[in-house]
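Nothing in this text is a laboratory measurement; each read-out follows from the coordinates by a stated rule. Computed from a predicted model, the values in this text were never measured in an experiment. Because the Cβ atoms are built from the backbone with ideal geometry, glycine has one as well, and the counts that use them run over all protein chains shown.
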Amino acid sequence: MLSRTASTLYWMSRNVERAENTARILDVAYRMSLLTKDPHLQDQEWFAPLNITGTLFPFSGRHSIVNSKEVLHFMALDSENPSSIYASAKQARENARAVRGTITSEMWEVLNGTWLEMQNMDEDRLYARGISSFFDWVKERSHLFRGVTFGTIRRDEAFQFHRIGTYMERADNTARMLDVKYHVLLPSVEDVGGAVDYYQWSAVLRSVSAFESYRKVYRDVITPLKVAELLVLRDDIPRSLRFCFQEIYEILCKVQNATSFEATRQAGEIYAALQFGTIQHIFSGGLHEYLTDFLDSTHRLGIEIDKSFFDATVPIPAAAKAA
Amino acid sequence: MKPDNFFNEMFEADGSVRPHYGAFADWLDNTPPEKITQNRQAADLLFHRVGITFAVYGEATGTERLIPFDIVPHVIPAAQWDRVSAGLKQRVTALNAFLHDVYHEQKILKAGKVPANMVIENSQFRPEMIGIDVPGGIYAHVAGIDLVKDADGEYYVLEDNLRTPSGVSYLLENRKMMMRLFPELFAAQRIRPVDHYPDLLLETLRNAAPVGIDNPTIVLMTPGHFNSAYFEHAFLAQQMGIELVEGIDLFVADNTVFMRTTQGPKKVDVIYRRIDDDFIDPEAFRPDSMLGVPGLMRAYKAGRVTLANAVGTGVADDKSLYPYVPAMIRFYLDEEPILKNVHTYMCANKVDLDYVLAHMEELVIKEAQGSGGYGMLVGPHSTKDERARYKQRVLDAPERFIAQPTLALSVCPTFTNKGLAPRHIDLRPYVLSGRGVNFVPGGLTRVALREGSLVVNSSQGGGVKDTWIVD
């Protein structure tokens, strides 16, 4: 398929996944802020979503205070913030428009419909609707898009590049979510292992829809070690890092071309570490440090994928002439 | 012109329903108005959701607009359509023969049937094409022939579009919409189907491949998603299962065209291009074109790739050559034209120019090379000021203008704010030339939604209707 098309599909699905994940992040921040009674501390909770998504800097350039209203607006509705839900929905729709000849009409209709509804969303409507209900809507649209995609698209390269985009974005997000505890206020000493700690970790699990899975897998109380193990190393949790990289690695093997070896190698290296790593080892070096490394290598892989498959400006090798 | 002078597609002069509208009229009488209103709203919603929009040039905001769809169909009796289709076939065959001729022996010019200078000096004439053989001798693979019906109920050809005619996606979507909203109408009578158009087009393009290529790789080349017809480009590419490419996706090496794919370069054999000659190759034509592919003309002239439509077709659909199409039909086919031409005054010609300037308020004056309804003067609807300004433009470069009598375009009932009211329409059938001439029955009906307006172009506030050929 066309390099430009592959690239657009990849970014289309990254944008959809990003909108969903931003909703998940905001939802967990919102839930956590409800656990805190002190209004000042409540506002403090809203640093977390900015830190997680790495958008504290652009945010503080335009807002002087951090509170639920400002952060929600910035991350959900702000058209100037390129990673807001609004901007992601708009971008995903633009991407879909550019590859309309490749995706199914059902896929296009979902993204176009989402955008038309998103366009009409403002702060008043958001609060009238209810914050959680809005996040549910965003997640539902993403679920719908995934379902429609699976149910309608041919299993060709278009599908593969779409999937790589989803898993690259998701791996990035899960790692960031897991790091959330590093960014939220640490519970006071007496709270460690206590109620707040418990609610915060369970909020993380719920944010990636893994709370019930945790119960099924461990049949145990919620501990940081096990939450991390579930979300980093398990191969049967669809939002775990290992699960994402199994997909990414396998897809890269399928779509490989003459220049993509390095991308496949990097993905394979990350996947192998997830396959054979232990959670004790990860914790001994520090979870935050581990996740920071992981995000860096995922970012490098993204650049490599771009170079191998999407870069239409590369001069064409002499081999092309023989084709 | 009084309203009663117009030919009404649905009603006889005495107000009775024409027989071919019988089934529709019955349905209209027996369907509760609420249901019709509901379905009209449903149509709007569906078009929005499907995203059938067109971009409007020169509007900074809201560059995507929905094309208004009217649910009252334009119905044409089969017998009448069969006559029209014979005329279309004849006309397009002659136009293709003319194109082949002017780029080869130029017999028609030597015979004096068409003034040689009007062809050779025409800006749409491409000297690059002289002596180039195109597969099957076909130049205009896809032609859009605009037809109107005058007060006498007779069809006239208003203009030929042989470059990159657009609108066929609306024809297909309109039918899909009508079948979805009003299936009972299709059960009540036999309406000829149109949804095989993409198959016919694909077949036409396959047959246009360079000699010796059995299983050609075909692509549709678009200027990109800011183009007004981008929706259609994407739609047709998808319907035919071919790649939708932009200039940046293609490159030329050793006179061969390749597209950049995730699996490396892939050879391209046929390009259905929806981009004007001027922009296809910055090496050969406009050097500032960012949309084209450097070297494309070299590959084309070497016969390694087919462009559909061919380069240089514009010389045959230029409005200054339009008056000569009947002569082309007689010259190449030795037949009398089946479809009539509208009488055309050539401002290049002194006698005609004087007549035009003296009768501006009766005539439609247009630029010979304009399209899309931009830059024309509709005399009866113009103000004194507008006429004065237009007169100056004509006097500055008379050879660039032509004029035609203002036709009393037929009207078709159309839903408006005040209920059903007659609105002017035209019809654009899409004619495919390959091994033989092919088309789907009917065409795209465009309707001027403003009361009294004669301009049906979507860029000028026109809407569309489904077109039914009923047996």
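Within the set of other residues whose C-beta is less than 9 Å from the C-beta of residue B:400, count the net charge using Lys and Arg as +1 and Asp and Glu as -1.
Taking every Cβ under 9 Å from that of residue B:400, the sum is -2.
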Report summary line: Note on the stretch B:344-406: contact order normalised by length, alpha-carbon pairs under 8 Å, 6 or more apart, percent, works out to 50 percent
Query raised in the report: So what's the stretch A:156-312 giving for Rg/Rh, alpha carbon basis, Kirkwood Rh from the mean inverse pair distance?
Result: 1.02
Requested in this report: Evaluate the relative contact order of chain A (contact order divided by residue number), counting alpha-carbon pairs under 8 angstrom at least 6 apart; express in whole percent.
Outcome: 23 percent
Query raised in the report: What is the helix-to-structure angle for A:131-152, meaning the angle in degrees between its Cα long axis and the longest Cα principal axis of chain A, kept from 0 to 90 and rounded to the nearest 10?
Result: 30 degrees
Query - Loop-located trypsin sites (Lys or Arg not before Pro) in the stretch A:133-176, at most 11 other Cβ atoms within 10 Å (DSSP) - result: A:154, A:155
Query raised in the report: Could you work out the helix-only [θ] at 222 nm for chain A, with each DSSP H run of four or more residues adding -39,500 (n - 2.57) and the total divided by the number of residues, to the nearest 500 deg cm²/dmol?
Result: -22500 deg cm²/dmol
Query - Positive-end extreme of charge dipole, the stretch B:418-471 - chosen from B:453, B:470, B:439 (charges on Cβ) - result: B:453
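Just need the relative contact order of the stretch B:196-264 here, percent rounded to a whole number, with Cα pairs under 8 Å and 6+ apart.
26 percent
Mind listing which GluC sites (Glu not before Pro) in the stretch B:113-157 are in a DSSP loop and have 12 or fewer other Cβ atoms within 10 Å?
Answer by residue number: B:121, B:154.
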**Report entry** Extent along principal axes [Cα atoms of chain B; Å; largest to smallest]
**Finding:** 66, 58, 48
Report summary line: Protection proxy (average C-beta count within 10 Å per residue), highest first, orders B:156-169, A:105-118 as B:156-169, A:105-118
Query raised in the report: What aspartates and glutamates sit close enough to residue B:110 to cross-link, taking a C-alpha to C-alpha distance under 16 Å and skipping anything fewer than 8 places away on the same chain?
Result: B:101, B:121
Requested in this report: Would you please report the Å³ per residue occupied by the convex hull of the alpha carbon atoms in the protein assembly as shown?
Outcome: 194 Å³
Query raised in the report: What does the highest-first list of B:271-282, A:44-55, B:196-207 look like by mean Cβ count within 10 Å?
Result: B:271-282, A:44-55, B:196-207
Query raised in the report: What residues qualify as long-range amide H neighbours of residue B:295, i.e. H under 5 Å apart, gap of 5 or more or another chain, H built at 1.01 Å from N?
Result: B:283, B:284
**Report entry** Pairs of Cα atoms farther than 15 Å apart, the stretch B:211-304, %
**Finding:** 59 percent
**Report entry** For residues of A:64-70, the mean tally of beta carbons on other chains within 10 Å
**Finding:** 0
Query raised in the report: Can you pick out the pairs among B:176/B:366; A:69/A:216; A:254/B:267; A:181/A:216; A:69/A:181; B:176/B:340 whose Cα atoms lie more than 27 Å from each other?
Result: B:176/B:366; A:69/A:216; B:176/B:340
Query raised in the report: When the helices in chain B are scored as -39500 (n - 2.57) per DSSP H run of 4 or longer and the sum is shared across all residues, what 222 nm value do you end up with, to the nearest 500 deg cm²/dmol?
Result: -9000 deg cm²/dmol
Query raised in the report: Expressed as an acute angle from 0 to 90° and rounded to the nearest 10, what is the orientation of the C-alpha long axis of helix A:241-254 relative to the principal long axis of chain A?
Result: 0 degrees
Requested in this report: Lys and Arg at +1, Asp and Glu at -1: add these up for the other residues within a Cβ distance under 14 Å of residue A:123 and post the number.
Outcome: -1
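Can you give the mean number of other chain Cβ atoms that lie within 10 Å of the Cβ atoms in peptide A:106-116? Display every interim value, and only then the final one.
Values: counts 0, 0, 5, 4, 1, 1, 5, 4, 0, 1, 4.
Taking all residues of A:106-116 together, the mean is 2.
Would you work out the charge dipole size for the protein assembly as shown about its Cα centre, treating the Cβ of every Lys and Arg as +1 and the Cβ of every Asp and Glu as -1, and quote it to the nearest 20 debye?
Its charge dipole is roughly 660 debye.
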**Report entry** Angle in degrees between helix A:3-35 and the longest Cα principal axis of chain A, rounded to the nearest 10
**Finding:** 10 degrees
Query raised in the report: When Rg is the radius of gyration of the Cα atoms in the stretch A:73-120 and Rh is its Kirkwood radius, what does Rg/Rh come to?
Result: 1.02
**Report entry** Contour minus Cα-Cα distance for residue A:257 and residue A:182 (0.36 nm per residue)
**Finding:** 23.0 nm
Report summary line: Shielding of B:253-263 by other chains, given as the mean Cβ count within 10 Å, works out to 6
